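**Q** Following this message is one structure expressed as structure tokens.
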Amino acid sequence: MKTTRNGFTLVELLVVITIVGVLGALVGAGLSKAKMRGYQTASVNNLRQWGIALTASLSDYDNRLPSTGMNGDAVDILDQDAWFNRLPSYISEVPLSNPLAMSLTPKYGQKSIWVNPAIPYDDFLRYSKPPTRLFSYAMNGWLSTTAEPTMPKLRIESATSTVFMGEQGEDKSELRPETLRAYLGPGDVVNFKENAAHFLFCDGRVELIKRDIFDPRFVVSGHSPTDATLLNPGFSYVPAVGAVAD
């Protein structure tokens, strides 16, 4: 007499559950990597747009670079020479000094040239509540027009290695190398050496750079990105020997 078995044994169920779990983890990891690649592509495109705006603006400003827009430790939104007011109009964006900018402040998850989509929700909220504003990107202070007021035009010795702008995530419009928040990587966004951020160089190139290169706290072979006497041949905030930041 044949016996009919209904359902699965406990062992079979455990095997099925394990397989489903493994497949789910693989799919989740794949989706996470795809999402991060999408974030990187969007941020690189944003930085390239800022580079286009900078190049287009130079002929109108006698080849002078903009300022960072910082007044002491605060952002001067009304500074018309600041990068966030001078450059936007060249790429059909609204300058931050325009009253319309407040009503156009991007929301989390919204595509915007002002926002690096890799920034997590908590950090986005921390700096997106009035009177503060999130700056996903910021300008290198060594290049500011206020950094060397006696020079009519700032001299850049190597456009291929000098940073104009980089990713960050705070309420300052100027890059702060030691506290720059690098969101690409598995570790702490402020201290982990392997975490990386994208940088726009003065020649228009955008590159992903790890913290142990862009952070002056991690000096390799005597080279520092903020060393004003010995320029780093591959990556530097300093435009020329002897230059000082604002």
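**Q** Restricting to region 141-164, name every residue that is at pLDDT 90 or above, in contact with a Pro (Cβ under 7 Å, 6 or more places away or on another chain) and within 13 Å of residue 83 (Cβ to Cβ).
**A** 143
**Q** Pairs only if they're at least six apart or on different chains, beta carbon under 6 angstrom, first in region 51-65 and exposed (fewer than 13 other Cβ atoms within 10 Å of the Cβ), second at pLDDT below 90 and part of a loop (DSSP other than H, G, I, E, B); list them, first residue then second.
**A** Here the result reads 63/153, each pair linking region 51-65 to a residue that is at pLDDT below 90 and part of a loop (DSSP other than H, G, I, E, B).
**Q** Then there's this: Somewhere in region 134-156, is a residue surrounded by fewer than 17 Cβ atoms within 10 Å (Cβ to Cβ), under 21 Å from the mean Cα position of the chain (by Cα) and among the small types (Gly, Ala, Ser)?
**A** No, that holds for no residue.
**Q** If you take the residues in region 167-178 that are free of Cβ contacts under 8 Å to residues at least 60 places away in the same chain and surrounded by 15 or more Cβ atoms within 10 Å (Cβ to Cβ), which one is nearest to the chain's Cα centre (by Cα)?
**A** Applying the first criterion (free of Cβ contacts under 8 Å to residues at least 60 places away in the same chain) to region 167-178 yields 168-170, 176, 178.
Restricting the remaining residues to those that are surrounded by 15 or more Cβ atoms within 10 Å (Cβ to Cβ) gives 168-170.
On the way: 168: 4, 169: 7, 170: 10 Å.
My answer is 168.
**Q** Of the numbered conditions (1) in a loop (DSSP other than H, G, I, E, B); (2) in contact with a helix residue (DSSP H, G or I) (Cβ under 8 Å, 6 or more places away or on another chain); (3) more than 21 Å from residue 65 (Cβ to Cβ), residue 238 satisfies every one except a single condition; which is it?
**A** Of (1) in a loop (DSSP other than H, G, I, E, B); (2) in contact with a helix residue (DSSP H, G or I) (Cβ under 8 Å, 6 or more places away or on another chain); (3) more than 21 Å from residue 65 (Cβ to Cβ), only one is false for residue 238: (3).
**Q** Could you look through region 60-97, keep only residues that are among the hydrophobic types (A, V, I, L, M, F, W, C) and farther than 19 Å from residue 134 by Cα, and pick out the one that is modelled with the highest pLDDT? Let's see the steps before the verdict.
**A** Pass one, region 60-97, residues among the hydrophobic types (A, V, I, L, M, F, W, C): 65, 70, 74-75, 77-78, 82-84, 87, 91, 94, 96.
Then keep just the ones that are farther than 19 Å from residue 134 by Cα; that gives 65, 91.
Details: 65: 92, 91: 96.
For region 60-97, the residue satisfying everything is 91.
**Q** Turning to a different aspect of this structure: Go through (1) surrounded by fewer than 17 Cβ atoms within 10 Å (Cβ to Cβ); (2) at pLDDT 90 or above and name the single condition residue 100 misses.
**A** (2)
**Q** Out of 3, 41, 18, I need the residue that is at pLDDT below 65 and either in a helix (DSSP H, G or I) or over 23 Å from residue 136 (Cβ atoms) (or both). Which one? Steps first, please.
**A** On the way: 41 fails: at pLDDT below 65; 18 fails: at pLDDT below 65.
Selected residue: 3, the only one of 3, 41, 18 that is at pLDDT below 65 and either in a helix (DSSP H, G or I) or over 23 Å from residue 136 (Cβ atoms) (or both).
The values are calculated or read from the model by the stated rules, or taken from the named source; none is laboratory data. Being a predicted model, the structure only gives us computed values, none of them experimental. Counting neighbours? That spans all protein chains shown, and the Cβs are built from the backbone with ideal geometry, glycine included.
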